[in-house]
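J.: One structure, as structure tokens, below. Some questions next.
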Amino acid sequence: MICERIHFLLHNERATQWLACLAIVLVTAFAYHNSFSGPFIFDDLNAIPNNSTIRNLWPIWPVITPMEGGGTVCGRPILNLSFALNYALGGLNVWGYHLVNLLIHISAALALFGFLRRTFLWEVLKGRFGRDSVALALAITLLWSLHPIQTASVTYIVQRAESLAGLFYLLPLYLFVRGLEPNANRAWLWAAVGTCAVGMGCKETVVSLPVMALIYDRIFVAGTFQEGWRQRGRFYLAMFSTWILLAYFIVATNSRGGSAGLADELSTLKYLQTQCCAIVEYLRLSVWPSPLIFDYGTPVILKPNEYLLPGVLVAIALITSLIAAWRKSAFGFFGVWFFAILAPSSSFVAVVTQTMACHRMYLPLVSVMALAVFAVYSRLGRIVFLFSAVAAGIFCWMTIQRNLDYRSEALIWSDTVKKCPTNPRALGNLGGIILRANGYAEARLLLEESVRINPRDANTRSNLGIALFQTGSKEQAIKEFRMALELNPGKENGHLNLGMALVDLGKINEAEVHLQEALKQNPGDGMALDALDAIRLKREALGQPQR
């Protein structure tokens, strides 16, 4: 009886599909079972604990119009709404945010599986891939969902921006493919338009979706752009019209608070040079994901011997992908997929706050895994499933291990400094964490190195001033506090830190000026009030007039 049921499941197409979906859910959930306790870190803090727009779901307008600053939620209403829903259900309990991130990732994996399986059944691919459509789709999906580089978009809470955009990229494609099938209800296509519009409110990554849908139609279904447009012109007009929403979000936020666009010191050419190296590194990490770096900082590649070879490799890959796509090859479609999705962040338009980031590979990784599986399957046949199972097992183990690095701020920044010791932001953040734990001497070394590499970070200089003061270098500390204020005159606690240091050195006249400024910034500040009272009493004792 049991053997008969197993035989039925393995030879019943619908049952096999459901088993594959169950495997995706269970194995992906297992890979992230130890990710639920990781605290809010780095950009999480501004997007969630310090984000006043997610405190109330009503009125809804402030929730869906986060337009100020350059934070992760800026100009991304669907992302901000998802955080608001999380807050409404569980406040700042990190467990709930991690759970939603995992559910988004699993949903995206299921959408990818459905999209791939149906793609392999088109007439142009069926003869080559049709008999193993479920197994091929499952292999690619598991390699993608279990790959440890995805922790940057799943375990790191704020990068729900990437996974949510991924879901609303893959889901419209799945709906689109359903709508292309013979005798399909046109409602599938219009559902694709609606979910595409939602995706535009998640992240700029989704901008290439209408283009990829049209390319897909040409390669796998219609045969030409003209025929695809003739049959589904109104649908494509609706898809491309969703760009209006994205344009509004970008313009209304002034290029997302200045975080996207070209800075004076970062030209188009410099950024492109850097991205050639970044893309090659992303591809290397796709094959062997080590070392995974939480934050690369803002490195810029300037030396020809560093960017010329990567640039040539990227150009060859891009040209090959375009030629293959023009020849209506599935390999070409996934090659173009890779570059189209990376284009918003890894081409000419600079993301000045991060020139490299692992989370950008969330969707492009699909093409790498698909091309790898295609290549092995074409040469070796079904043995690819054995290789895929082994690789998926390794990826799952590496993901579980990587999740451990997110257990605390100190751990993730320590890991980053170890792997990227010249990253001033990592050095500064780790130094700040150690400083708050009263490890002044160790913090001082880290902060001094951070300031040496990047002398224009006001927050790091302020923290260095505290570390210097606490380790006895008080005059040097005052210089750092002054520099921090020069770099950022409105810096929180900047005047307070300088005022308190000046009081300690007996420079009460100057100290009083800064303490008064501190009170203007933060009326009722206890430390500033106490210090001003002490100055007043000292003047009274010395018989000096009050100022």
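J.: Using alpha-carbon pairs under 8 Å, 6+ residues apart, how would you state the relative contact order of the stretch 331-428 in percent?
T.: Reported relative contact order: 20 percent.
J.: Return the loop-located trypsin sites (Lys or Arg not before Pro) in the stretch 328-430 (DSSP other than H, G, I, E, B) with at most 13 other Cβ atoms within 10 Å of their own Cβ; answer none if there are none.
T.: On the way: sites: K328, R360, R379, R382, R402, R407, K418, K419, R425; in loops: K328, R382, R407.
Qualifying residues, ordered by number: R382.
J.: Below 8 Å, C-alpha to C-alpha, sequence gap of six or more: please give me the relative contact order for the stretch 189-252 in percent.
T.: Worked out over the stretch 189-252, it gives 42 percent.
J.: Determine the distance separating the Cα centre of the stretch 316-346 from the Cα centre of the stretch 445-517; give it in Å without decimals.
T.: 51 Å
J.: Still on this structure, please answer the following. Using each residue's phi in the stretch 488-499, evaluate 6.51 cos²θ - 1.76 cosθ + 1.60 at θ = phi - 60° and report the 3J(HN,Hα) Karplus result to the nearest Hz, with x for Gly and Pro.
T.: Values, residue by residue: 9, x, x, 4, 4, 6, x, 5, 5, 4, 5, x Hz.
J.: Mind putting together the pair-distance distribution for the stretch 298-452? All Cα pairs, 5 Å bins, whole percent per bin, short to long.
T.: Histogram of Cα-Cα distances, whole percents per bin: 1, 8, 10, 14, 14, 15, 14, 10, 7, 4, 3, 1, 0.
J.: On a full-extension model of 0.36 nm per residue, what is the gain between R436 and L92, subtracting their alpha-carbon distance, rounded to one decimal in nm?
T.: Length gained between R436 and L92: 121.7 nm.
J.: Just need the relative contact order of the stretch 377-450 here, percent rounded to a whole number, with Cα pairs under 8 Å and 6+ apart. Mind dumping the intermediate values first?
T.: Details: 46 pairs, mean separation 14.7, N = 74.
About 20 percent, as a whole number.
J.: Calculated FRET efficiency, R55 and L237, Cβ-Cβ r, R0 56 Å, to nearest 0.05?
T.: Calculated value: 0.90.
J.: Too long at a 21 Å Cα-Cα cut-off: which of K474/K507; K474/K520; K418/K474; K507/K538?
T.: With Cα atoms farther than 21 Å apart: K474/K520; K418/K474.
J.: Same structure, new question: State the extension gain, in nm to one decimal, for the chain segment bounded by F225 and V25, taking 0.36 nm per residue of separation less the distance between their alpha-carbons. It would help to have the intermediate numbers written out before the result.
T.: Numbers: separation 200, 0.36 × 200 = 72.00 nm, distance 3.65 nm.
Length difference between fully extended and current span is 68.3 nm.
J.: OK, next. About the Cα centre, and with charges only on the beta carbon of Lys, Arg (+1) and Asp, Glu (-1), how big is the dipole of the chain? Nearest 20 debye, please. If you can, show how the numbers build up before the last one.
T.: Values: 46 positive and 36 negative charges, 331 e Å.
For this selection, approximately 1580 debye.
J.: Taking Cα atoms, how many degrees apart are the long axis of helix 364-380 and the longest axis of the chain, rounded to 10 and kept between 0 and 90?
T.: Computed tilt is about 40 degrees.
J.: Of all GluC sites (Glu not before Pro) in the stretch 437-531, which ones are in loop regions per DSSP and have a Cβ with at most 15 other Cβ atoms within 10 Å? Don't skip to the answer; put the middle values down first.
T.: Details: sites: E442, E448, E449, E475, E480, E486, E492, E510, E512, E517; in loops: E492.
In loop regions of the stretch 437-531 (DSSP not H, G, I, E or B), the sparsely surrounded GluC sites (Glu not before Pro) are E492.
J.: Then there is this: Where does each of 518-525, 92-99, 31-38 land if you order them by average Cβ count within 10 Å, highest first?
T.: Top to bottom by mean Cβ count within 10 Å: 31-38, 92-99, 518-525.
J.: Residue by residue through the stretch 49-59, what is 3J(HN,Hα) from phi via Karplus (6.51 cos²θ - 1.76 cosθ + 1.60, θ = phi - 60°)? Round to whole Hz and write x for glycine and proline.
T.: The phi angles translate into x, 9, 9, 5, 6, 9, 6, 9, 7, 9, x Hz.
J.: Also: With labels modelled as points extended 7 Å from the Cα through the Cβ direction, what inter-label distance (nm, one decimal) is found for R539 paired with I244?
T.: A separation of 6.3 nm, rounded to one decimal place.
J.: Cut-off under 17 Å on the C-alpha distance; same-chain residues fewer than 8 positions from K419 excluded. Which aspartates and glutamates are left, in chain and number order?
T.: Cross-link targets: E281, D295, D405, E409, E449.
J.: Same structure again: Can you give the FRET efficiency for W18 and V251, using 1/(1 + (r/R0)^6), R0 = 41 Å, r = Cβ-Cβ distance, to the nearest 0.05?
T.: Working: r = 45 Å, r/R0 = 1.10.
Computed FRET efficiency for W18 and V251 comes out at 0.35.
J.: Show me, for the stretch 192-201, the HN-Hα J-couplings you get by feeding each phi into the Karplus relation (A = 6.51, B = -1.76, C = 1.60, θ = phi - 60°), rounded to Hz, glycine and proline as x.
T.: Using θ = phi - 60°, the values come out as 5, 4, x, 6, 5, 4, 4, x, 5, x Hz.
J.: Also, quick follow-up: Taking every eigenvalue of the Cα gyration tensor of the stretch 47-203, multiplying by 5 and rooting it, what semi-axes result, largest first, whole Å?
T.: 33, 18, 11
J.: At a Förster radius of 45 Å, what calculated FRET efficiency corresponds to the Cβ-Cβ distance of R379 and L45, to the nearest 0.05?
T.: After rounding to 0.05, the efficiency reads 0.40.
J.: Please report, in cubic angstrom per residue, the volume enclosed by the convex hull of the alpha-carbon atoms of the stretch 388-547.
T.: Value for the stretch 388-547: 133 Å³ per residue.
J.: Turning to a different aspect of this structure: Using a 10 Å cut-off on Cβ atoms, rank the peptides 196-208, 227-239 from the highest mean neighbour count down.
T.: 196-208, 227-239
J.: Inverting the mean 1/r over all pairs of different Cα atoms, compute the Kirkwood radius of the chain and quote it in Å.
T.: 25.8 Å
Every read-out reported here was derived from the displayed coordinates using simple, explicitly stated rules and does not represent laboratory data. As the structure is a computational prediction, the values presented were derived from the model and not from experiment. Cβ atoms come from the backbone with ideal geometry, glycine included; neighbour counts cover every protein chain shown.
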